[in-house]
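Laboratory data are not the source of any read-out in this text; all were calculated from the coordinates shown. All figures in this text were calculated on a predicted structure; none of them were measured in a lab. For neighbour counting, all protein chains shown are included, and Cβ atoms are generated from backbone atoms with ideal geometry for every residue, glycine included.
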Amino acid sequence: MKITPVPMSVIRDFGDMFYSPHILIIIKTPGQEDYKPMDNKNRLAVMTLIFHDADVADGGIHNAFNESHAERILGFVEKWKDKIGEIVINCTAGFSRSPGVAAALSKIINGDDEEYFRKYSPNMLVYITILKTYQKEKEDV
């Protein structure tokens, strides 16, 4: 499965460039102004999350990524994975939070996350929380 992290500008201004059926995960910073992704006939669903780009759990930063966010992402992907060829993940710069999600999902779905650590600087709190939540969900089944 293709998993693509991108900055906000790509979704806002060039969102029609994704040609296969896909889902979009939008990550916003608390208080960030709202923006509408460009329409795309191949986009099957959109999910929006709001959390800070923090690499530590809470640590005085409210709205840091947590297990609830991870559960929402995993549930969203699970719901759509058989109908799509790509997962597009968008955050403000497309360099930390969205690659953190992309790396974790790629590890789970494709068995490899190396590309995201070579090209980006994935948010490790996001990455580890998704992988731990996924493992916990597998154990609970």
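Which of the residues spanning the stretch 69-108 are under 22 Å from Tyr35 (Cα atoms), touching a residue at least 60 places away in the same chain (Cβ under 8 Å) and in a helix (DSSP H, G or I)?
His69, Arg97, Ser98, Pro99, Val101, Ala102
Any idea which of Ile87, Ile128 is buried (at least 21 other Cβ atoms within 10 Å of the Cβ) and hydrophobic (A, V, I, L, M, F, W, C)?
Matching residue, one of Ile87, Ile128: Ile87.
Exactly one condition in (1) among the hydrophobic types (A, V, I, L, M, F, W, C); (2) in contact (Cβ under 8 Å) with a residue 40 or more places away in the chain; (3) touching a Pro at 6+ places or on another chain (Cβ under 7 Å) is false for Ile50; which is it?
That leaves (2) as the condition not met.
Give the residue that is nearest to Asn90 (Cα to Cα), with candidates limited to residues of the stretch 20-60 that are among the basic types (Lys, Arg) and outside any loop (DSSP other than H, G, I, E, B).
Per the criteria, the residue is Lys28.
Please find, within the stretch 1-19, the residue that is farthest from Gln32 (Cα to Cα) out of those that are outside any helix (DSSP H, G or I) and in contact (Cβ under 8 Å) with a residue 60 or more places away in the chain.
This residue is Met1.
Among the residues of the stretch 27-56, which ones are closer than 17 Å to Lys81 by Cα and β-branched (Val, Ile, Thr)? Give the derivation first.
Kept after step one, since they are closer than 17 Å to Lys81 by Cα, are these residues of the stretch 27-56: 42-47.
Of everything in the stretch 27-56, just one residue is closer than 17 Å to Lys81 by Cα and β-branched (Val, Ile, Thr), namely Val46.
Could we say that Arg43 is surrounded by 15 or more Cβ atoms within 10 Å (Cβ to Cβ), within 20 Å of Thr129 (Cβ to Cβ) and basic (Lys, Arg) here?
Spelling it out, it is not the case that Arg43 is surrounded by 15 or more Cβ atoms within 10 Å (Cβ to Cβ), within 20 Å of Thr129 (Cβ to Cβ) and basic (Lys, Arg).
Could you list all residues from the stretch 1-50 that are closer than 20 Å to Val126 by Cα and charged (D, E, K, R)?
Scanning the stretch 1-50 gives Lys2, Lys28.
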